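A short write-up of the structure that comes next.
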Amino acid sequence: MKNVFCSVFATIGVLLSPGLLAQNVVLEGSVGIAEPQSGPYESSLLMDGSVSYSSSGWLYRIGFTAFDAFKSDSRSNPIEIETSGVYLQAIKVVTLEPFDIEIGAGLYRTHSEAFMEKSPYNASQRKIGSAYDTNPVVTVALVKNMAKSFSLLGGFKYINDVSGSDLHMIYAGGRFNF
Amino acid sequence: MNTRVISTVFATAVLVSLASCGESEDRSINSTNLPSTKLYAVYEIYADASEQVFFQAQLTADKAPSDNRDDDTFVRLVDGDELWASYSTSISNASVGEDLFTDTEVFADNHVQLASGGFNFFFFSDIYYAENWYSAQLEYMGDQPYYMTMERANGNPIDKSFVTLPAPFTIAALTDTNISRSTDALIIDWQPVENDVEINIEILMSCPDGFSDHITRKLDTDEGSVTLNAGDLYFDTLTGSCSATANIIKTRLGTLDSRYIGGNISGHQHRSIVFNTSD
């Protein structure tokens, strides 16, 4: 996972280099809610950041998502699953004034860890499992240009089978275009 | 002889006598650095009609608890030493697959840490509730063995203590729910019958005037029935109409990890039936 993060940040560094900043580089940040399809887990908040390169109606994106823990508090000994991931996507931009519709697909590399509360009388946790996954991801987003270099966006993201569960996300955020 | 010397000797003799008089008291020590080979473990696992399984545990140092509890040293788990109850597999050998969102719930259903204190109402228990004990609870999962694991801070768990509970059983309805304590015999039947279990029976009777009493029986084998003869329920302190509860406990001994200095692990299945008694 460390190597993946190093690669991500190196790529971001290249994209933010002065030469490329003169080109079509997009910085994006968003927050949202993620809901697992399997198990008794509640939805959790997410934060997402990405860097994209825009060319000929396409975006080529690398990003990182951090999820707040997915919790099953209804149990006498609650379970939490902590997940984070990096992704690569290719996104087709379709302009339907006054919006852009972006449809993307790619791959998500996630790392998940599961923790169990030891007993109803002991809130300390025991790590009971961890997993790495690489899974397909699809996104649909609506983007509204607000100014020359700034846009607002909202969208839906689906990741298939993250450690045993599909994840559905809705998110909203902002984008800077260079 | 010098009076002062005599007085000093006498006073010293009195002090020494006082120090050695009276009962020794139980005491607790921390488990830190106490090797498992110095631990005596008592593990009890109970299931009943509620489909819950209750775990109790008590550890003493160096020897089995004495009958009158004199000079016993009870062990308090600290500094990373923990007791865990598990279904089917010791927690030290259990793992979750890569499907965390689906497999962790099964894992959490099968393992629980025992906490200090807790329930203290079990029949025929060897736990001494005046000193440190541990308890926990899981839902009844099935007929696989239950494990008691002591995890040590040194990373070497004591994980080979297990017992298979006696199977769930049903007490047949009594032909007469109003029994004369002095003139009626009482026959209690249950199914199924099971091998290698012993049966303990306790009948508690409680009267509106506040008087109560009980009788116990023990059967070395399970024949599916116990008979109390006419008059066995009679106590001259019990008068009039008194409620009664017959508790049937099947017990099977399990295998205790040989790394303990001694002890036992036992599984119990408890059922009860309520009826009325009269003079």
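Values for this structure:
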read-out	value
Test: residue in the stretch B:182-194 that is in contact with an Asp or Glu (Cβ under 8 Å, 6 or more places away or on another chain), closer than 30 Å to B:Ile265 by Cβ and either assigned to a strand (DSSP E or B) or without any contact (Cβ under 8 Å) to a residue 40 or more places away in the chain (or both)	yes
Qualifying positions in the stretch B:53-66 - surrounded by fewer than 17 Cβ atoms within 10 Å (Cβ to Cβ) and farther than 19 Å from B:Gly254 by Cβ	B:Asp62, B:Lys63, B:Ser66
Complete set of residues in the stretch B:81-116 that are facing another protein chain (nearest Cβ under 9 Å), of a type outside the set (Asp, Glu), outside any strand (DSSP E or B) and surrounded by fewer than 17 Cβ atoms within 10 Å (Cβ to Cβ)	B:Ser95, B:Gly97, B:Thr102
Residues of the stretch A:120-134 satisfying the condition of being surrounded by fewer than 15 Cβ atoms within 10 Å (Cβ to Cβ) and closer than 16 Å to B:Leu100 by Cβ	A:Lys127, A:Tyr132, A:Thr134
Count - residues of the stretch B:241-275 that are more than 17 Å from B:Pro166 (Cβ to Cβ) and surrounded by fewer than 14 Cβ atoms within 10 Å (Cβ to Cβ)	3
Residue in the stretch B:149-157 that is closer than 16 Å to B:Phe54 by Cα and either within 8 Å of chain A (Cβ to nearest Cβ) or open to solvent by 30 Å² or more (accessible area, probe 1.4 Å) (or both) present	no
Options B:Leu238, B:Leu256, B:Leu233: the member that is touching a Phe, Trp or Tyr at 6+ places or on another chain (Cβ under 9 Å) and at pLDDT below 95	B:Leu238
So B:Asn156, is it in contact with a Phe, Trp or Tyr (Cβ under 9 Å, 6 or more places away or on another chain) and either farther than 19 Å from B:Ile248 by Cβ or part of a loop (DSSP other than H, G, I, E, B) (or both)	no
Total residues in the stretch A:135-171, condition surrounded by fewer than 15 Cβ atoms within 10 Å (Cβ to Cβ) and in a loop (DSSP other than H, G, I, E, B)	4
Odd one out for A:Ser112 among (1) within 13 Å of chain B (Cβ to nearest Cβ); (2) over 18 Å from the mean Cα position of the chain (by Cα); (3) not aliphatic (A, V, I, L, M)	(2)
Filtered residue count, the stretch B:67-77, keeping only those that are away from chain A (no Cβ under 13 Å) and open to solvent by less than 30 Å² (accessible area, probe 1.4 Å)	4
Residue within the stretch A:67-76 that is small (Gly, Ala, Ser), within 11 Å of chain B (Cβ to nearest Cβ), closer than 20 Å to A:Ser38 by Cβ and over 12 Å from the mean Cα position of the chain (by Cα) present	yes
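Listed here are the residues, each with its yes/no results for (1) open to solvent by 70 Å² or more (accessible area, probe 1.4 Å); (2) among the polar types (S, T, N, Q); (3) over 26 Å from B:Ala47 (Cβ atoms).
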{"residue": "B:Ala172", "(1), (2), (3)": "no, no, no"}
{"residue": "B:Thr175", "(1), (2), (3)": "yes, yes, yes"}
{"residue": "B:Thr183", "(1), (2), (3)": "yes, yes, yes"}
{"residue": "B:Ile187", "(1), (2), (3)": "yes, no, no"}
{"residue": "B:Phe211", "(1), (2), (3)": "yes, no, yes"}
{"residue": "B:Thr221", "(1), (2), (3)": "yes, yes, no"}
{"residue": "B:Thr227", "(1), (2), (3)": "yes, yes, no"}
{"residue": "B:Thr239", "(1), (2), (3)": "yes, yes, yes"}
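The values are calculated or read from the model by the stated rules, or taken from the named source; none is laboratory data. Note that the structure is a prediction, hence the values are computed from the model and not measured. Counting neighbours? That spans all protein chains shown, and the Cβs are built from the backbone with ideal geometry, glycine included. Just so you know, the surface numbers come from the protein's heavy atoms only, side chains and all, with ligands and any DNA or RNA stripped out. Shrake-Rupley method; radii C 1.70, N 1.55, O 1.52, S 1.80 Å.
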